[in-house]
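Student: Got a structure for you, questions after.
The values are calculated or read from the model by the stated rules, or taken from the named source; none is laboratory data. The structure displayed is predicted, hence computed values, not measured ones. Cβ coordinates were reconstructed from backbone atoms using ideal geometry, including for glycine residues, and neighbour counts include every protein chain displayed.
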Amino acid sequence: MKYIAWILSLLNIYFGVINFLNVVHVLDDSKYSQGATSFFAILFLVMGVAGLYYALVKKRYRLALIIEVGPWILALLFLLLNMLTRDYR
């Protein structure tokens, strides 16, 4: 279980860094809006670091896994709400 927590932590941090680089215009490959990309950057970086902290320092792997799955659920909900409220004309 601890290896899954580490892998998910590193994956979340990776996605957070990629989204952060899109926000500061180092990369320009994001297909989402600037607000959504910055939300994803903050969400994945903060929860990735928090999950890594609980996995490595506190040795609470179950809590780390719950924290690591959180950004994926929140990102999907954010995208769903974003798609429902936008005008695509």
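Student: For the range 78-87, does any single residue satisfy the condition of being buried (at least 16 other Cβ atoms within 10 Å of the Cβ) and farther than 20 Å from ALA5 by Cα? Step through it out loud before you land on a result.
Tutor: Just the residues of the range 78-87 that are buried (at least 16 other Cβ atoms within 10 Å of the Cβ), to begin with: 78.
With the extra rule that they be farther than 20 Å from ALA5 by Cα, the set shrinks to 78.
Scanning the range 78-87, I find at least one residue that is buried (at least 16 other Cβ atoms within 10 Å of the Cβ) and farther than 20 Å from ALA5 by Cα, so the answer is yes.
Student: For the range 1-53, name all the residues that are among the hydroxyl-bearing types (Ser, Thr, Tyr), in a helix (DSSP H, G or I) and loosely packed, with under 14 Cβ neighbours inside 10 Å.
Tutor: Hits for the range 1-53 are TYR3, TYR14.
Student: Exactly one condition in (1) part of a helix (DSSP H, G or I); (2) among the β-branched types (Val, Ile, Thr); (3) more than 10 Å from the chain's Cα centre (by Cα); (4) surrounded by fewer than 15 Cβ atoms within 10 Å (Cβ to Cβ) is false for VAL69; which is it?
Tutor: Tallying (1) part of a helix (DSSP H, G or I); (2) among the β-branched types (Val, Ile, Thr); (3) more than 10 Å from the chain's Cα centre (by Cα); (4) surrounded by fewer than 15 Cβ atoms within 10 Å (Cβ to Cβ), VAL69 fails exactly one: (3).
Student: Taking the options SER38, SER9, name whichever one is farther than 22 Å from LEU81 by Cβ and either among the small types (Gly, Ala, Ser) or modelled with pLDDT of 95 or more (or both).
Tutor: It is SER9.
Student: Of the conditions (1) under 16 Å from LEU79 (Cβ atoms); (2) surrounded by 16 or more Cβ atoms within 10 Å (Cβ to Cβ), TYR61 satisfies every one except a single condition; which number is it?
Tutor: Against the list (1) under 16 Å from LEU79 (Cβ atoms); (2) surrounded by 16 or more Cβ atoms within 10 Å (Cβ to Cβ), TYR61 comes up short only on (1).
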